[in-house]
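S.K.: Just passing along the structure, written as structure tokens.
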Amino acid sequence: MVVPSWTAFAAISAVCLDLRGLQANGPGPLLATYVTRPTCRSELLRQAGLFGTRPCRVYLGTEIRPLEEDEEVTLSNGCVITFVQDDTLPDFSTDLQYRTLSCSFTGVLAFVEPTLIPPEMPQYVVFLDLRQVASSIKFLVLGQPFIPRADLPNLIKQKPPPGWFLRVSGGRMRRHRLDFRHGATLVFGFEYSLDSDQPSEHFSPTTEASDEDSEEEHRSDDQDTTTAPADSEGEHLFPALAPGAMGRGHPNSI
């Protein structure tokens with residue numbers, strides 16, 4: 001449940017009303033509403049449209065004790081209030097947290113608030129979607145908004161078989177690095193090439209680099225006299241390299 005920040009200053013809470021266990025002929029609705037802080041059983045019944053209509057029990061979260069008639073409680077944003085018939089108990093197997101226990105992988109988003117980072121210590125977060133290369137979703141926290149080109153194949157444990165290449169989707173490819181925006185996601189995958197004469201590195205640009213970008217890259221690599229593909233955005237292919245350690249930053253599972 002996404003709650004606006006102003007609710008913290010208005011003495012109200014946004015809660016979820018679970019009415020699925022009230023109807024005998026089928027599941028009831030799920031509602032979101034605002035209640036005062038503190039609140040009580042009568043207000044919750046009014047918000048659910050059940051005040052004086054039928055006897056029922058009200059449970060807060062995963063509490064096994066129903067809410068008493070004259071009891072006042074202070075609810076947090078996102079709290080689930082379950083309404084059941086007077087002769088039944090809530091079914092906690094329908095709880096989302098209970099359902100996620102059976103998942104083989106549960107993703108948790110990592111947030112970095114830029115205003116909390118000291119200006120003299122810049123940090124950049126990039127997410128790595130490695131599910132297509134037999135891994136999971138990870139992230140890197142780096143001191144620069146790019147990943148060295150030679151380090152990209154070392155971010156995965158599973159190396160591509162002969163004839164296959166590592167494909168990275170996202171970011172902007174330079175001569176020696178892959179630039180990314182803070183909070184961006186790079187998707188890794190393997191792609192088979194039918195062309196046996198294909199060079200060891202191949203690029204599939206989706207947007208040609210502007211002259212300004214090329215001049216900026218030339219200034220940053222003024223000591224490099226070797227030829228290199230043009231800067232490109234989108235998907236990039238890389239050959240299989242031997243495993244090695246990252247120069248700066250390490251992938252972290254989410």
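S.K.: Tell me whether the range 31-46 contains one or more residues that are within 31 Å of the chain's Cα centre (by Cα) and without any contact (Cβ under 8 Å) to a residue 24 or more places away in the chain.
M.R.: There is at least one residue in the range 31-46 that is within 31 Å of the chain's Cα centre (by Cα) and without any contact (Cβ under 8 Å) to a residue 24 or more places away in the chain.
S.K.: Can you find a residue that is assigned by TED's automatic domain parsing to the domain that holds VAL84, in contact with a strand residue (DSSP E or B) (Cβ under 6 Å, 6 or more places away or on another chain) and within 13 Å of VAL84 (Cβ to Cβ) anywhere in the range 25-36?
M.R.: Yes, the conditions are met somewhere in the range 25-36.
S.K.: Are any of the residues in the range 113-124 surrounded by 10 or more Cβ atoms within 10 Å (Cβ to Cβ) and either modelled with pLDDT of 80 or more or in contact with a His (Cβ under 6 Å, 6 or more places away or on another chain) (or both)?
M.R.: yes
S.K.: Of the residues in the range 53-70, how many are of a type in the set (Asp, Glu) and within 15 Å of VAL35 (Cα to Cα)?
M.R.: Result for the range 53-70: 0.
S.K.: OK, next. Just to be sure, is LYS159 surrounded by 14 or more Cβ atoms within 10 Å (Cβ to Cβ), in the same structural domain as VAL126 (by TED's automatic domain parsing), not β-branched (Val, Ile, Thr) and not in a strand (DSSP E or B)?
M.R.: Yes, satisfied.
S.K.: Out of the range 162-172, which residues are surrounded by fewer than 16 Cβ atoms within 10 Å (Cβ to Cβ) and touching a strand residue (DSSP E or B) at 6+ places or on another chain (Cβ under 7 Å)?
M.R.: GLY163
S.K.: Which of the residues that make up the range 136-156 are assigned to a loop (DSSP other than H, G, I, E, B) and of a type in the set (Gly, Ala, Ser)?
M.R.: Those that are assigned to a loop (DSSP other than H, G, I, E, B) and of a type in the set (Gly, Ala, Ser): SER136, GLY143.
The values are calculated or read from the model by the stated rules, or taken from the named source; none is laboratory data. Nothing here was measured: the structure is a model prediction, and the numbers come from that model. When we count neighbours, we look across all protein chains shown, and the Cβ atoms used for this are built from the backbone with ideal geometry, even at glycine.
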